[in-house]
Amino acid sequence: MSESAIRTEIYNTMNGIANIGKVYDYERWSTDWGTFINLFKGASGKILGWEIGRKGHVKDEEQGTLRVHTYSIKGYMGLKDADASEKAFNSLIESISAAFRGNQTLNGSAAGHDYIEVETLDTRTFGSVLCHFTELSLTVYENIA
């Protein structure tokens, strides 16, 4: 087991969800909001995407047999009130939660995890684009002994 294997399985789990949009296995950045938002646009021009990053919280537990990693999964979806896009975004969050509930060891790359936590659920403006935004948290346990 390793951090990179865990991150890969988080990415694979996310990519296996229907209609998830673009998924990146690292946090994307740009000093230009237009460039940043284009990273999450699909072929239809709709904004829908996710990025996986590791938070600074990494520690060893239980006499050095487990290593704890906390990941941040940030999601963006273009807001369209006429389409009730908030419901679709929340449905995706529920699909993500279900996918991780059904994969406790992340295909054998981890000893286990604490399931998805919704840290932030909000609307944000990126440049001139209003989007649904969420930050999910996933704490994962790696066997190191």
Tell me which residues, restricted to region 88-138, are among the β-branched types (Val, Ile, Thr) and out of contact with any Lys or Arg (no Cβ under 9 Å at 6 or more places or on another chain).
-> Ile93, Ile96, Thr105, Val118, Thr123, Thr125, Val129
With respect to Ala88, is the statement that it is open to solvent by 50 Å² or more (accessible area, probe 1.4 Å) and assigned to a helix (DSSP H, G or I) true?
-> no
Going by the structure shown, is Thr70 touching a His at 6+ places or on another chain (Cβ under 6 Å) and in a strand (DSSP E or B)?
-> yes
For region 132-145, which residues satisfy the criterion of being in a strand (DSSP E or B) and over 18 Å from Ile52 (Cα atoms)?
-> Asn143
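Residue-wise test of (1) modelled with pLDDT of 95 or more; (2) in contact with a helix residue (DSSP H, G or I) (Cβ under 7 Å, 6 or more places away or on another chain); (3) over 25 Å from Ala5 (Cβ atoms).
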| position | (1), (2), (3) |
| --- | --- |
| Phe36 | no, no, yes |
| Gly53 | yes, no, no |
| Arg67 | no, no, no |
| Gln104 | yes, no, no |
| Thr120 | yes, no, yes |
| Ala145 | no, no, no |
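Criterion first (in contact (Cβ under 8 Å) with a residue 12 or more places away in the chain and assigned to a helix (DSSP H, G or I)) does Gly34 satisfy it?
On the way: in contact (Cβ under 8 Å) with a residue 12 or more places away in the chain: yes; assigned to a helix (DSSP H, G or I): yes.
Yes, satisfied.
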Lys74 passes all but one of (1) open to solvent by less than 60 Å² (accessible area, probe 1.4 Å); (2) under 18 Å from Ile37 (Cβ atoms); (3) modelled with pLDDT under 95; which number fails?
-> (3)
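Identify all residues within region 98-145 that are of a type in the set (Ser, Thr, Tyr) and farther than 30 Å from Ala82 by Cα; write none if there are none.
Within region 98-145, the subset of a type in the set (Ser, Thr, Tyr) is 105, 109, 115, 120, 123, 125, 128, 134, 137, 139, 141.
Thr105, Ser109, Tyr115, Thr139, Tyr141 - these are the residues of region 98-145 that are of a type in the set (Ser, Thr, Tyr) and farther than 30 Å from Ala82 by Cα.
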Out of Thr120, Thr125, Thr31, Thr65, sole residue that is hydroxyl-bearing (Ser, Thr, Tyr), within 23 Å of Thr13 (Cβ to Cβ) and either within 19 Å of the chain's Cα centre (by Cα) or exposed (fewer than 14 other Cβ atoms within 10 Å of the Cβ) (or both) = Thr120
Give just the number: which of (1) surrounded by fewer than 18 Cβ atoms within 10 Å (Cβ to Cβ); (2) touching a residue at least 60 places away in the same chain (Cβ under 8 Å); (3) within 15 Å of Met14 (Cα to Cα); (4) not small (Gly, Ala, Ser) does Tyr115 not satisfy?
-> (2)
Criterion violated by Thr105 - all others in (1) assigned to a loop (DSSP other than H, G, I, E, B); (2) open to solvent by less than 40 Å² (accessible area, probe 1.4 Å); (3) β-branched (Val, Ile, Thr) satisfied = (2)
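The values are calculated or read from the model by the stated rules, or taken from the named source; none is laboratory data. Predicted model, so just to flag it, every value in this text is computed and none were measured. As a convention, Cβ positions derive from the backbone with ideal geometry for all residues, glycine included, and neighbour counts pool all protein chains shown. To get the accessible areas, we keep the full protein, side chains included, count just its heavy atoms, and leave off ligands, DNA and RNA. Shrake-Rupley method; radii C 1.70, N 1.55, O 1.52, S 1.80 Å.
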